[in-house]
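See structure below.
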Amino acid sequence: MELTVFGATGGIGREIVRQALDAGHGVTAVVRDPARLDAGGPRLKVFPADLSDPDALRPAVAGRDAVLSGLGARRKADAGVAARLTRVVLAAMEAEEVRRLLVVSAAPLGAPAGRDPLPDRAMTALVGAVLKDVYTDLRAMEEALARSAADWTAVRPPRLVDRPLTGRYRTAVGANPRSARVIGRADVAHAMLAMTADPATVGRGVGVAY
């Protein structure tokens, strides 16, 4: 496949690029600073952009089989960037008639698959209160996806950690796995690549967790 990756220098985006190249896909990495992206061989194209102009992004998405986005707030002060930047990506995709889009959201936006134990529910409530603005931003992003013509999937991980790729995790379409507490960024990237060609995930939020 030919893929475009936004947020390619972030924790998940970098893993998407690496794993996609390892799998033999062609990758266009959209980045603000190309110097932050490791060399990736002849199948990697680096596309510098500041993500402010949909028209400027059209060459980055034209003719691609799918677009994967790791865009989002890296700290509370960044709340608002996920919805704003995703709208720009959606506009560029619509102009080029590219439909498949996968984005990173967060577990608190999904419903639990079953009744979680009380400690898990209490922790979810606490994190939701502390990161309220970040989750409001992600909710606005998902609302923009739902209004769009894209074949979108919102991948909803719980707390992210840096761990080696395992390929062993749980997923739940339209919900969160029970007691979803943590997942490695490399496995989120793995899940997103696996879902790219999965029609069951189109137009849905998908929970992922160990």
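Things to note:
- Test: residue in segment 61-73 that is free of Cβ contacts under 8 Å to residues at least 40 places away in the same chain and of a type outside the set (A, V, I, L, M): no
- Inspection of segment 9-21 finds no residue satisfying the criterion of being over 14 Å from Val89 (Cα atoms) and surrounded by fewer than 14 Cβ atoms within 10 Å (Cβ to Cβ).
- Subset of segment 26-36 (residues that are in contact (Cβ under 8 Å) with a residue 12 or more places away in the chain and either part of a helix (DSSP H, G or I) or surrounded by 18 or more Cβ atoms within 10 Å (Cβ to Cβ) (or both)): Val27, Thr28, Ala29, Val30, Val31, Pro34, Arg36
- Test for Leu51: is it surrounded by 19 or more Cβ atoms within 10 Å (Cβ to Cβ), touching a helix residue (DSSP H, G or I) at 6+ places or on another chain (Cβ under 9 Å) and closer than 14 Å to Thr196 by Cβ: no
- Within segment 179-197, tally of residues that are assigned to a loop (DSSP other than H, G, I, E, B) and either closer than 18 Å to Gly24 by Cβ or free of Cβ contacts under 8 Å to residues at least 40 places away in the same chain (or both): 2
- Residue tally, condition touching a helix residue (DSSP H, G or I) at 6+ places or on another chain (Cβ under 6 Å), farther than 13 Å from Leu109 by Cα and not β-branched (Val, Ile, Thr), over segment 168-189: 5
Values in this text are rule-based calculations from the coordinates and carry no lab data. Because the structure is predicted, anything quoted here is derived from the model rather than measured. As a convention, Cβ positions derive from the backbone with ideal geometry for all residues, glycine included, and neighbour counts pool all protein chains shown.
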